[in-house]
1. Answer yes or no as to whether LEU19 is at pLDDT 95 or above, within 18 Å of MET1 (Cβ to Cβ) and within 11 Å of the chain's Cα centre (by Cα).
2. Being among the β-branched types (Val, Ile, Thr) and either under 15 Å from PRO73 (Cβ atoms) or surrounded by fewer than 13 Cβ atoms within 10 Å (Cβ to Cβ) (or both) is the filter here; which residues of the range 18-34 pass it?
3. Is there a residue being over 10 Å from the mean Cα position of the chain (by Cα) and either buried (at least 16 other Cβ atoms within 10 Å of the Cβ) or touching a residue at least 60 places away in the same chain (Cβ under 8 Å) (or both) anywhere in the range 3-13?
4. Check whether at least one residue in the range 66-79 is surrounded by 15 or more Cβ atoms within 10 Å (Cβ to Cβ) and in contact (Cβ under 8 Å) with a residue 24 or more places away in the chain, and report yes or no.
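The values are calculated or read from the model by the stated rules, or taken from the named source; none is laboratory data. Keep in mind that what you see is a predicted model, and the values were worked out from it rather than measured. No Cβ is skipped: glycine too gets one built from the backbone with ideal geometry, and neighbour counts run over all protein chains shown.
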Amino acid sequence: METALTWLLTCLSVTGVVLNIKKRRLGFVFFVVANSGWITVNVRNGIYAQAFLFIIYTGLSIWGFIEWTRHPPLRKCEDE
């Protein structure tokens, strides 16, 4: 079961990166969900330093979402 969970979290994390590359704010939502899952996995396995790291990542993802809501990133026009 944990293997399926870690693969799901990996897919969510990669999707978040792709969405951020595409300058989509939704990527931060994927990061918050994935990071929350990684925190749980790491705490269950006693990897507390990495759990702490993902807590920081979650906070940064929330901050990024707020910043991109206030000041959306510029998107390049498709015909350029």
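1. No; evaluated as a whole, the condition is false for this residue.
2. If the condition is that a residue be among the β-branched types (Val, Ile, Thr) and either under 15 Å from PRO73 (Cβ atoms) or surrounded by fewer than 13 Cβ atoms within 10 Å (Cβ to Cβ) (or both), then VAL18, ILE21 are the ones that fit.
3. No, the range 3-13 contains no residue that is over 10 Å from the mean Cα position of the chain (by Cα) and either buried (at least 16 other Cβ atoms within 10 Å of the Cβ) or touching a residue at least 60 places away in the same chain (Cβ under 8 Å) (or both).
4. There is at least one residue in the range 66-79 that is surrounded by 15 or more Cβ atoms within 10 Å (Cβ to Cβ) and in contact (Cβ under 8 Å) with a residue 24 or more places away in the chain.
Every residue, every condition in (1) part of a loop (DSSP other than H, G, I, E, B); (2) not hydrophobic (A, V, I, L, M, F, W, C), yes or no:
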| position | (1), (2) |
| --- | --- |
| THR6 | no, yes |
| VAL18 | no, no |
| VAL32 | no, no |
| VAL43 | no, no |
| ALA51 | no, no |
| LEU60 | no, no |
| TRP68 | no, no |
| LEU74 | yes, no |
